[in-house]
1. Counting other Cβ atoms within 10 Å, keep those with at most 13, restrict to DSSP loop, and tell me which chymotrypsin sites (Phe, Trp or Tyr not before Pro) in the range 1-54 are left.
2. Rg and Dmax of the chain over Cα atoms: what are they, in angstrom?
3. Rounded to the nearest 10 degrees, what's the angle between the helix 4-27 long axis and the longest principal axis of the chain, both from Cα atoms, 0 to 90?
4. Any idea of the accessible area per residue across the chain, 1.4 Å probe, to the nearest Å²?
5. How far is helix 31-48 tilted, in degrees, relative to the longest principal axis of the Cα atoms in the chain, given as a value from 0 to 90 rounded to the nearest 10?
6. What percent do you get for the relative contact order of the chain when only Cα pairs under 8 Å and 6+ apart count?
Amino acid sequence: MPGEKEINVNLFERLDLLDRLERVAKKANCEPVLQEIDFERKLIERKLYHTPPLTEKQ
């Protein structure tokens with residue numbers, strides 16, 4: 001099972017991907033895609049800043 005550090009790295013990489021997709025969607029003025037990116041970003045940030053941590057030390 002991945003540790004908290006590995007989970008966080010994965011979530012930050014997903015945020016990086018959303019940033020790149022957002023840049024393209026803004027250039028194309030594609031509002032539905034921008035709305036979906038915003039929704040996905042909120043879900044990722046909820047996991048990233050979850051308290052207590054997603055994984056617990058045993």
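The values are calculated or read from the model by the stated rules, or taken from the named source; none is laboratory data. These figures come from a predicted structure and were not determined experimentally. In this analysis, Cβ positions are derived from the backbone assuming ideal geometry, glycine residues included, and neighbour counts consider all displayed protein chains. Quick note on the areas: whole protein, heavy atoms, side chains included, nothing else; ligands and nucleic acids left out. Shrake-Rupley method; radii C 1.70, N 1.55, O 1.52, S 1.80 Å.
1. Working: sites: Phe12, Phe39, Tyr49; in loops: Tyr49.
Answer in residue order: Tyr49.
2. 13.9, 48
3. The angle comes out near 0 degrees.
4. Numbers: 4920 Å² over 58 residues.
That works out to 85 Å² for each residue.
5. The answer is roughly 10 degrees.
6. Working: 21 pairs, mean separation 25.3, N = 58.
Across the chain, relative contact order equals 44 percent.
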